[in-house]
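The values are calculated or read from the model by the stated rules, or taken from the named source; none is laboratory data. These figures come from a predicted structure and were not determined experimentally. We place every Cβ from the backbone using ideal geometry, glycine too, and count neighbours over all the protein chains shown. Keep in mind that these areas ignore ligands, DNA and RNA; they rest on the heavy atoms of the full protein, side chains included. Shrake-Rupley method; radii C 1.70, N 1.55, O 1.52, S 1.80 Å.
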Amino acid sequence: MKKVLTYGTFDILHYGHIRLLKRAKDLGDFLIVAISTDQFNELKGKKSYYSYENRKEMLEAIKYVDLVIPENNWEQKISDVKDYNVDIVVMGSDWADSDRFEYLREYCDVVYLDRTEGISTTEIKKSINKR
Ligand code: C2G
């Protein structure tokens, strides 16, 4: 069984997230999504609209997603890869070649998938606030 792992906040879920998750699942048989806790989001300088619990609930409802785990810090990735026997870590291309992920190549494959243009949680929030 080929296991895929991806990280993210996944706030205000949109088709960019869904397309990333579908393509990530297509690379293996089992997709694990580590979503940022509210506390870790603060560390990332992000405040999500939905709580961790609600974001987890929504991610678990997506057919491509097999398991949702918390992302508590930047440092947990190596143990995540080992603990869950992950073969591939997948991220959107905004993370391409980032030292937040490149070091994982010692433990698993790292694949960056093109971001979906024209959609982002930030843009959605902005357009709703304008109305
Ligand atoms: N994404 C995408 N296309 C978009 C928006 C997002 O492919 N239009 C991808 C991102 O590249 C990322 C995933 O969807 O791989 C989740 O996006 P975010 O929730 O914005 O995740 P981020 O804040 O980048 O958190 O440790 C890593 C961080 O937790 C990643």
First measure r as the distance between the Cβ atoms of ASN85 and ILE18, then evaluate 1/(1 + (r/R0)^6) with R0 = 22 Å and state the FRET efficiency to the nearest 0.05.
0.30
Could you give the angle, 0 to 90 degrees to the nearest 10, between helix 121-130's Cα long axis and the longest principal axis of the Cα atoms of the chain?
0 degrees
Round to the nearest 10 and give me the degree value, 0 to 90, for the angle of helix 15-26's Cα axis relative to the longest principal axis of the chain.
10 degrees
Shape parameters for segment 67-131, alpha-carbon atoms, Rg then Dmax in Å
15.1, 48
On the accessible surface of the chain, probed at 1.4 Å, how many percent belong to carbon and sulfur atoms?
48 percent
Please compute the modelled spin-label separation between GLU53 and VAL111, points set 7 Å along Cα→Cβ, answer in nm with one decimal.
3.5 nm
Taking 0.36 nm per intervening residue step and subtracting the Cα-Cα distance, what contour gain separates ASP97 from THR122 on full extension?
6.7 nm
For the chain, what are Rg and Dmax over the alpha carbons, in angstrom?
14.2, 48
So for segment 24-79, using the alpha carbon gyration tensor with a ≥ b ≥ c as root eigenvalues (a/c under 1.5 gives rounded; past that, a/b versus b/c decides prolate or oblate), I'd call it oblate
With every protein chain left in place and a probe of 1.4 Å, what is the accessible surface of PHE40, to the nearest 10 Å²?
0 Å²
Any idea what the relative contact order of segment 16-131 is, in percent, if you count C-alpha pairs under 8 Å spaced at least 6 apart?
27 percent
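With the other protein chains left in place, how much accessible area per residue, in square angstrom, belongs to the chain at a 1.4 angstrom probe?
About 57 Å² of surface per residue is accessible.
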